[in-house]
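Colleague: There's a structure below that I have some questions on.
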Amino acid sequence: MQKTVIVIPTYNERDNLRPLIEGVFSLGLPNIQVVVVDDNSPDGTRALAEELAKTYPLLIIHRKVKTGIGAAYVEAFQTILNDPQKPDYIIQMDADLSHDPRTIPAMLAHAEKYDVVLGSRYITGGAIVNWDLTRRLISRFGNFYARTVLWLPYRDLTGGFKCFRREVLEHIDLASVSSVGYCFQIETTLKAHRKNYRITEIPISFTERRVGASKFKASIMLESFMKVFFMRFHE
């Protein structure tokens, strides 16, 4: 039976984690495991994850230092790939309920034909809920900039709801991923594209978090701008 692992990085997501985990496992999908990567949240997220692990198949990776979402994903991916019982598919999603778990079955269905499935806000059927105009314009420009500079055809390069076949993550050299912030999403898709993996987008509805503070910062945008420029010339 095919195995799927869902990776969820957390930092101060105690109020969101339980409904997210319950939403994932309410789908009734077979052979699912969730990996929670917690960056030493002071709000008790890790303790809640440990409580949930008594009911659901959860693996908790505790990171002592908060070094960015990219580093959290890389550590989780490497841990998963070193497990003797490797999964067939690896899904990444945010912990703040902005990604609807009900999209997961569609992602897995497309992953039967494609190597990477991107959840896209910017194709027909995609949507963003509760973002102001400034945030929308920044996101649109960021995607246009990355798509243009890197010569990529995908509409949503900065989204964090993605599904990989295991082989993709084994072959894109995770150790060389240098983006610590949200540019990580662009960098991993670029690496897969350059290795000629089959990549597709499916529409998702992205909902801005209702609880907790957004992790978006101007410094993240600046890192992405500079990193994209240098990635254009680095194979």
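The values are calculated or read from the model by the stated rules, or taken from the named source; none is laboratory data. These numbers come from a predicted model, not from an experiment. Don't worry about glycine lacking a Cβ; one is built from the backbone with ideal geometry, like all the others, and counts go over all protein chains shown. These accessible areas exclude ligands, DNA and RNA; they are computed on the full protein's heavy atoms, side chains included. Shrake-Rupley method; radii C 1.70, N 1.55, O 1.52, S 1.80 Å.
Colleague: Once fully extended, how much extra length lies between Gln2 and Trp131, figured as 0.36 nm per residue of separation less the alpha-carbon to alpha-carbon distance? If you can, show how the numbers build up before the last one.
Modeller: Values: separation 129, 0.36 × 129 = 46.44 nm, distance 3.67 nm.
In short, 42.8 nm is gained.
Colleague: Report the longest stretch of the chain that contains none of the chymotrypsin sites (Phe, Trp or Tyr not before Pro) sitting in a DSSP loop with at most 14 other Cβ atoms within 10 Å. Provide the component values of the computation, followed by the final result.
Modeller: Values: sites that count: Trp151, Phe216, Phe233.
Counting only loop sites that pass the neighbour cut-off, the longest clear stretch is 1-150.
Colleague: Another question, if that's okay. What GluC sites (Glu not before Pro) in the range 77-178 are in a loop by DSSP, with at most 11 other Cβ atoms within 10 Å of the Cβ? Don't skip to the answer; put the middle values down first.
Modeller: On the way: sites: Glu112, Glu167, Glu170; in loops: Glu112.
Taking the range 77-178 and a limit of 11 other Cβ atoms within 10 Å, the loop GluC sites (Glu not before Pro) found are Glu112.
Colleague: Give me the 1.4 Å probe accessible area per residue for the chain, excluding ligands and nucleic acids, in Å². Numbers along the way, then the final one.
Modeller: Details: 11240 Å² over 235 residues.
Heavy-atom SASA per residue in the chain reads 48 Å².
Colleague: With a cap of 15 neighbouring Cβ atoms within 10 Å, and only residues DSSP puts in a loop, list the trypsin sites (Lys or Arg not before Pro) found in the range 81-152.
Modeller: Numbers: sites: Arg102, Lys113, Arg121, Arg135, Arg136, Arg140, Arg147; in loops: Lys113, Arg121.
Hits after loop and neighbour filter: Lys113.
Colleague: If the only charges are +1 at each Lys and Arg Cβ and -1 at each Asp and Glu Cβ, what is the size of the charge dipole of the chain around the Cα centre, to the nearest 20 debye?
Modeller: Numbers: 30 positive and 26 negative charges, 104 e Å.
Taking the Cα centre of the chain as origin, the dipole is about 500 debye.
Colleague: Give a quick list of GluC sites (Glu not before Pro) in the range 1-93 that DSSP marks as loop, anything other than H, G, I, E or B, with at most 14 other Cβ atoms within 10 Å. Numbers along the way, then the final one.
Modeller: On the way: sites: Glu13, Glu22, Glu50, Glu51, Glu75; in loops: Glu13.
Qualifying residues, ordered by number: none.
Colleague: Name the residue from Val35, Tyr73, Leu190 whose Cα lies farthest towards the positive end of the charge dipole of the chain, charges +1 on Cβ of Lys and Arg and -1 on Cβ of Asp and Glu.
Modeller: Of the options given, the answer is Leu190.
Colleague: Run the accessible area of the chain with a 1.4 Å probe and give the carbon-and-sulfur part as a rounded percent. The partial results should precede the final answer.
Modeller: On the way: 6090 of 11240 Å².
Ligands and nucleic acids excluded, carbon and sulfur give 54 percent.
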